[in-house]
Amino acid sequence: MDQVLERQSAPEPVPAIEAMLNYLVNDSKKIFTEAGGAGALDIRGGTTDPRRVVIHNGRPQANQFVFEREGFRFVRHDTRVADFFDEEELRRLYYPEMEALVKAESGASRVVVFDHTLRTGDDALRAERKIREVVPRVHNDYTEWSGPQRVRDLLPDEADALLRRRFAIIQVWRPIRHPVESFPLAICDARSVSTDNLIVSERRYPNRVGQTYAITYNPNNKWFWFPRMRREEAIVFKVYDSLKDGRARWTAHTAFDDPTSPRNARPRESIEIRTLAFF
């Protein structure tokens, strides 16, 4: 009963917290992530640079974030999906929902959902469900090279024509069952990330090698999180934009160990959707 009461009693909202985020050092050590098999842990290379940073509570200003300025939006978004572990249901219901959401938030004329990743902080559930772990490492999912390369990989017959006009890679992150009590997502205001902070990191798969950006520490980074995110809430954020006119192009993000997590916090369970957005 005590555990139930503790979980039901939401903590008082705070304007900001301090927490450790894992940046990377740009040294001679190779930076890479080797994707593990289904349910297995990834293997990572590189020199970690843990830093204590201020992370602002984004809820009080949730309506003020501008997609092309900060690089992300926090939205209320209901879904008809009953079971996120049901692959057929995901593709039949969730993919079209995400296509519509990304169109609405970005103004894209065409959106192609090309991937999804389920994650959990529970080792037993990860192994049982063959899903992935949380990523407590500051990163951006695509680079100047790997963004366009995904279009070539996924839409080879259309790629030349599509790459002649603007496109973006936009992701959507949300909890899948319980409110997030541990390892929430922190997301950085795109305006506070310099290109000098971006380091190419190899993303190694059995059949190909991609690229992501690892991020070096910058004291100007402005971080946000949305405490106790629920299933009907989502973060829509941009990880690549082909336009270089001053708008947000990359959005650094990471899971982090939340010092305000309750003592009996449930492991985080989440899904992220990746989309190609054409304008």
Condition check: surrounded by fewer than 22 Cβ atoms within 10 Å (Cβ to Cβ), modelled with pLDDT of 95 or more and touching a strand residue (DSSP E or B) at 6+ places or on another chain (Cβ under 7 Å). Does THR251 satisfy that? no
Scan THR251, THR212 and give me the residue that is part of a strand (DSSP E or B), touching a helix residue (DSSP H, G or I) at 6+ places or on another chain (Cβ under 9 Å) and closer than 25 Å to PRO148 by Cβ. THR212
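This table checks each residue for (1) under 21 Å from GLU202 (Cα atoms); (2) touching a Phe, Trp or Tyr at 6+ places or on another chain (Cβ under 9 Å); (3) among the aromatic types (Phe, Trp, Tyr); (4) modelled with pLDDT of 90 or more.
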site: VAL14; (1), (2), (3), (4): no, no, no, yes
site: GLU18; (1), (2), (3), (4): no, no, no, yes
site: LEU21; (1), (2), (3), (4): yes, yes, no, yes
site: LYS29; (1), (2), (3), (4): yes, no, no, yes
site: THR47; (1), (2), (3), (4): yes, no, no, yes
site: VAL54; (1), (2), (3), (4): no, yes, no, yes
Give me the strands (runs of 3 or more DSSP E) completely within region 93-194, filtered to those with at least 1 residues that are basic (Lys, Arg) and surrounded by fewer than 20 Cβ atoms within 10 Å (Cβ to Cβ), ordered by residue number. 110-120
Of the conditions (1) among the aromatic types (Phe, Trp, Tyr); (2) closer than 20 Å to ARG59 by Cβ; (3) in contact with a Phe, Trp or Tyr (Cβ under 6 Å, 6 or more places away or on another chain), the single one that PHE256 does not satisfy is (3)
Inspect all residues belonging to region 208-228 and state whether any of them is out of contact with any strand residue (DSSP E or B) (no Cβ under 7 Å at 6 or more places or on another chain), among the charged types (D, E, K, R) and without any contact (Cβ under 8 Å) to a residue 60 or more places away in the chain. yes
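Search region 52-92 for residues being acidic (Asp, Glu) and more than 17 Å from the chain's Cα centre (by Cα), and hand back the single one that is least open to solvent (accessible area, probe 1.4 Å).
Step one: filter region 52-92 for residues acidic (Asp, Glu), giving 68, 70, 78, 83, 86-89.
Subsequent filtering for residues that are more than 17 Å from the chain's Cα centre (by Cα) retains 78, 83, 86-89.
Working: ASP78: 96, ASP83: 62, ASP86: 57, GLU87: 88, GLU88: 103, GLU89: 21 Å².
Once the filter is applied, the top-ranked residue is GLU89.
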Within region 24-51, can you find the residues that are without any contact (Cβ under 8 Å) to a residue 60 or more places away in the chain, open to solvent by less than 60 Å² (accessible area, probe 1.4 Å) and not in a loop (DSSP other than H, G, I, E, B)? GLY45, THR47
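Residue under question is ILE199, and the condition is that it be crowded, with 18+ Cβ neighbours inside 10 Å, under 17 Å from the mean Cα position of the chain (by Cα) and assigned to a strand (DSSP E or B); does it hold? Steps first, answer last, please.
Details: crowded, with 18+ Cβ neighbours inside 10 Å: yes; under 17 Å from the mean Cα position of the chain (by Cα): no; assigned to a strand (DSSP E or B): yes.
It is false that ILE199 is crowded, with 18+ Cβ neighbours inside 10 Å, under 17 Å from the mean Cα position of the chain (by Cα) and assigned to a strand (DSSP E or B).
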Which numbered condition VAL75 fails, given (1) more than 18 Å from ASN218 (Cα to Cα); (2) part of a loop (DSSP other than H, G, I, E, B): (2)
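Taking ALA62, is it closer than 26 Å to ARG177 by Cβ and either without any contact (Cβ under 8 Å) to a residue 24 or more places away in the chain or part of a strand (DSSP E or B) (or both)?
Values: closer than 26 Å to ARG177 by Cβ: yes; either without any contact (Cβ under 8 Å) to a residue 24 or more places away in the chain or part of a strand (DSSP E or B) (or both): no.
Answer is no for this residue.
Pull up region 34-45, narrow it to residues that are in contact with a Phe, Trp or Tyr (Cβ under 9 Å, 6 or more places away or on another chain) and charged (D, E, K, R), then point me to the one that is nearest to GLN211 (Cα to Cα).
As a first pass, look at region 34-45 and keep what is in contact with a Phe, Trp or Tyr (Cβ under 9 Å, 6 or more places away or on another chain): 34-35, 43-45.
Adding the requirement that they be charged (D, E, K, R) leaves 34, 44.
Working: GLU34: 11, ARG44: 13 Å.
Among residues in region 34-45 that are in contact with a Phe, Trp or Tyr (Cβ under 9 Å, 6 or more places away or on another chain) and charged (D, E, K, R), the one nearest to GLN211 (Cα to Cα) is GLU34.
In this structure, does TYR205 turn out to be open to solvent by 40 Å² or more (accessible area, probe 1.4 Å) and not small (Gly, Ala, Ser)? Before you say what the answer is, go through the steps one by one.
Numbers: open to solvent by 40 Å² or more (accessible area, probe 1.4 Å): yes; not small (Gly, Ala, Ser): yes.
For TYR205, the condition - open to solvent by 40 Å² or more (accessible area, probe 1.4 Å) and not small (Gly, Ala, Ser) - is met.
The values are calculated or read from the model by the stated rules, or taken from the named source; none is laboratory data. Keep in mind it's a predicted model, so treat the numbers as computed, not measured. Cβ atoms come from the backbone with ideal geometry, glycine included; neighbour counts cover every protein chain shown. We work out accessible area using only protein heavy atoms, side chains counted, and drop any ligands, DNA or RNA first. Shrake-Rupley method; radii C 1.70, N 1.55, O 1.52, S 1.80 Å.
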